[in-house]
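Engineer: The structure follows.
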Amino acid sequence: MSSENSQTKWGQFIPLVIVFFFWGFVAASNDILIPVFKKAFDLTQGESQLVAFAFYIAYTVGSLIYMGVSFLIKEDLVNKIGYKNGLSLGLLISALGTLLFYPAANTGSFTLMLAGLFIVGLGFSLQQTVANPLAIALGPIKTGSQRLTLAGGINNFGTTIGPLIVSFAIFGSTASGNTDASIESVKIPYLVLGFAFLVVAILLKFSSLPERPELIEEDDSNDGIAVKTSALQYPQLVMGMIAIFLYVGVEVSTASNLPAYMESKLGFLTKDVAPYISLYWASLMIGRWTGAVEAFTENMSLLKILRFLAPYLAFGVFLAVNAMANHDLTPFYIYGLVILVLIGADMASKGNPARMLLIFSSLGILATAVGITTSGMISVYAFTSVGLFCSTLWPCIFTLAVSGLGKHTSQGSSFLIMMIMGGGFVSVFQGKIAEIIGIQSSYIVGIICFAYLAFYAWKVSGILRAHGINFDKKVSGGH
């Protein structure tokens, strides 16, 4: 690799992370739409979770369409049309989805609203397929994982401000006292979002991003693993697919059921829930900014400092955004102490993805259990801290699942992205459980998800060790 290519191509990387931002912005904004639609369309808690289901199932459908088209043309779709064109096409598809919000609002159709979100998700599915390997390719392979983690941090900046902006667009400022929203108020924010998709699609088309970047794929002939004909023949991948399904499920369902808990058990108004949804998604940003510091320096002394500064810088972004939205910051200062737990867990993991997955999943179980067994604001902080302990799970699972796949790595990656549908299934499942045992007790679903992730961390480390695969202080990825 030339000296020019040994440096991260930040000029090309910047427009790419805008796409990561969009994913987070829309995903977290769905949590504001859920209570609005629930009230406007008189839905049960389970029915309201169809918002999350429609959005996340689109990832699976999109992946299947992608595989089908590639099969029919007998060539990988993105390899044929190019990476820039693939990203632009994904953005155009998402823009078409936002257009459906206009007739849906005018006719008061919940079905059309879901169809719009589904099409937005289809576009995101194609964008995910393109953007993740592209982020790795824009610089040296040894820091590719940190670029994905950094992109994940930008994604979570979108999840942090998304609920606040959408809540403001629907309800107005907190000073207005508006506690209700009509379906009509939803269409303008999403039409504006669609316009933003179109603008970025055009900018990407004329950007310096490579059409066919140099993607490095390891050969598995010397991995000590018998040569296989499909990625599905690797147990670490199959178990990892279940892990991704449950990880995205617990990440999404924890947030999407939080408004119902705060409204029904703590008496919050719908419009006042947004800062706490923002805190939840900011927690993922806090964790991922901590994990991204290695993309900037290899100096160990500086890294130690940045591992403490990065999470509090991210927390400061959350506070600043909420201050600009005129929200009372007093309830959030105490959360700074919870961040210390994240830092301690990150240091204890020593960069090993299996150890990190085990530690963070265990802390996820603990946080969820505290949320179930306590009341008041303690339970809210416990549930929001689940975001902190979810922050590193995507990169850990992804790394463990594709390790040793060699030439089947790309195929394995597509299977993992397909399992993002867990965000929809688990959310609906928890919503149905909530109708039976109550919204607070329904978070037992999250504990079950984390328990499997802890089991996977233990099991897969043994599988990989048996094939001579060990990890240094490097963790890849970021959802």
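Engineer: Under a 1.4 angstrom probe, counting protein chains only, how are 346, 272 ranked by accessible area, largest first?
Structural biologist: Ranked from most to least accessible, the order is 272, 346.
Engineer: Using a simple charge model, +1 on the beta-carbon of Lys and Arg, -1 on the beta-carbon of Asp and Glu, nothing else, what dipole does the range 29-137 show about its Cα centre, in debye to the nearest 20?
Structural biologist: Working: 5 positive and 5 negative charges, 37 e Å.
I would put it at about 180 debye.
Engineer: Calculate the spin-label point distance for residue 350 paired with residue 432, positioning each point 7 Å from the Cα along the beta-carbon direction, and give it in nanometres.
Structural biologist: In this crude label model, residue 432 to residue 350 measures out at 4.4 nm.
Engineer: Working out 0.36 nm times the residue gap between residue 195 and residue 300, then minus their Cα-Cα distance, what length gain in nm do you get to one decimal?
Structural biologist: On the way: separation 105, 0.36 × 105 = 37.80 nm, distance 4.37 nm.
Full-extension gain reported as 33.4 nm.
Engineer: Report the percentage of all Cα-Cα pairs in the range 19-81 whose separation exceeds 20 Å, rounded to a whole percent. Working shown, then result.
Structural biologist: Values: 940 of 1953 pairs.
Every Cα pair in the range 19-81 considered, those over 20 Å come to 48 percent.
Engineer: Follow-up question, since we're still on this one. Assuming R0 = 56 Å, can you tell me the calculated FRET efficiency for the pair residue 232 and residue 18, based on Cβ-Cβ distance, to the nearest 0.05?
Structural biologist: Details: r = 34 Å, r/R0 = 0.60.
The pair residue 232/residue 18 has a calculated efficiency of 0.95.
Engineer: With a 1.4 Å probe and every protein chain kept in, tell me what percent of the accessible surface of the range 43-115 is carbon plus sulfur. Display every interim value, and only then the final one.
Structural biologist: Details: 2180 of 3010 Å².
Carbon and sulfur atoms account for 72 percent of the accessible area of the range 43-115.
Engineer: Which whole-number percent of Cα pairs in the range 300-381 have a distance greater than 15 Å?
Structural biologist: Numbers: 2247 of 3321 pairs.
Pairs farther apart than 15 Å: 68 percent.
Engineer: Let me ask something else. For a 27 Å ceiling on Cα separation, which of these pairs sit above it: 38/84; 265/432; 80/187? Intermediate results must be reported in sequence, preceding the final value.
Structural biologist: Numbers: 38/84 38 Å; 265/432 17 Å; 80/187 36 Å.
Among 38/84; 265/432; 80/187, the Cα-Cα distance tops 27 Å for 38/84; 80/187.
Engineer: Here's something else I'd like to know. What does the charge add up to near residue 442, with Lys and Arg as +1, Asp and Glu as -1, over the other residues with Cβ less than 12 Å from its Cβ? Provide the component values of the computation, followed by the final result.
Structural biologist: Values: positive: 265, 432; negative: 435.
With Lys, Arg at +1 and Asp, Glu at -1, the net is +1.
Engineer: Also: Cα-based Rg of the range 415-463 per 2.2 N^0.38 Å, rounded to two decimals?
Structural biologist: Working: Rg = 13.3 Å, N = 49, 2.2 N^0.38 = 9.7 Å.
Relative to the rule-of-thumb radius for its length, the range 415-463 sits at 1.38.
Engineer: When the convex hull of the Cα atoms of the range 75-136 is projected onto a plane and the area is averaged over all directions, what value comes out in nm²? Before the final figure, lay out the partial values.
Structural biologist: Values: hull surface 17.6 nm².
For the Cα atoms of the range 75-136, the hull's average projected area reads 4.4 nm².
Engineer: Quote the convex hull volume per residue of the range 245-326, based on C-alpha atoms, as a whole number of Å³.
Structural biologist: Details: hull volume 9.2 nm³, N = 82.
It comes to 112 Å³ per residue, whole-number rounded.
Engineer: Additional query: Which value does Rg/Rh take for the range 333-391 over its C-alpha atoms, Rh per Kirkwood?
Structural biologist: Values: Rg = 11.6 Å, Rh = 11.6 Å.
Radius of gyration over Kirkwood radius for the range 333-391 works out to 1.00.
Engineer: So, one more: As an exercise, use a Förster radius of 22 Å and the Cβ-Cβ distance of residue 61 and residue 111 to find the FRET efficiency, rounded to the nearest 0.05.
Structural biologist: On the way: r = 16 Å, r/R0 = 0.75.
Efficiency for this residue pair is about 0.85.
Engineer: If each residue of separation counts as 0.36 nm, what is the full-extension length gain between residue 44 and residue 337 once their alpha-carbon separation is subtracted? Numbers along the way, then the final one.
Structural biologist: Details: separation 293, 0.36 × 293 = 105.48 nm, distance 3.62 nm.
Working it through step by step, the gained length comes to 101.9 nm.
Engineer: Here is a follow-up. What do you reckon, how do 21, 13 stack up by accessible area (1.4 Å probe), largest on top?
Structural biologist: On the way: 21 45, 13 5 Å².
Largest accessible area first, the residues go 21, 13.
Engineer: Calculate the FRET efficiency for residue 264 and residue 81 from the Cβ-Cβ distance with a Förster distance of 45 Å, rounded to the nearest 0.05. Spell out each step's value before the answer.
Structural biologist: Numbers: r = 48 Å, r/R0 = 1.07.
So the FRET efficiency works out to roughly 0.40.
Engineer: Something else: With every protein chain present, what accessible area does residue 281 have (1.4 Å probe, heavy atoms only), rounded to the nearest 10 Å²?
Structural biologist: It works out to around 10 Å².
The values are calculated or read from the model by the stated rules, or taken from the named source; none is laboratory data. Just so you know, these numbers come straight off a predicted model, no measurement behind them. Heads up, the Cβs are rebuilt from the backbone with ideal geometry, glycines too, and the neighbour counts pull from every protein chain shown. Ligands, DNA and RNA are stripped out before the accessible areas are found, and what is left, the full protein with its side chains, is counted by its heavy atoms. Shrake-Rupley method; radii C 1.70, N 1.55, O 1.52, S 1.80 Å.
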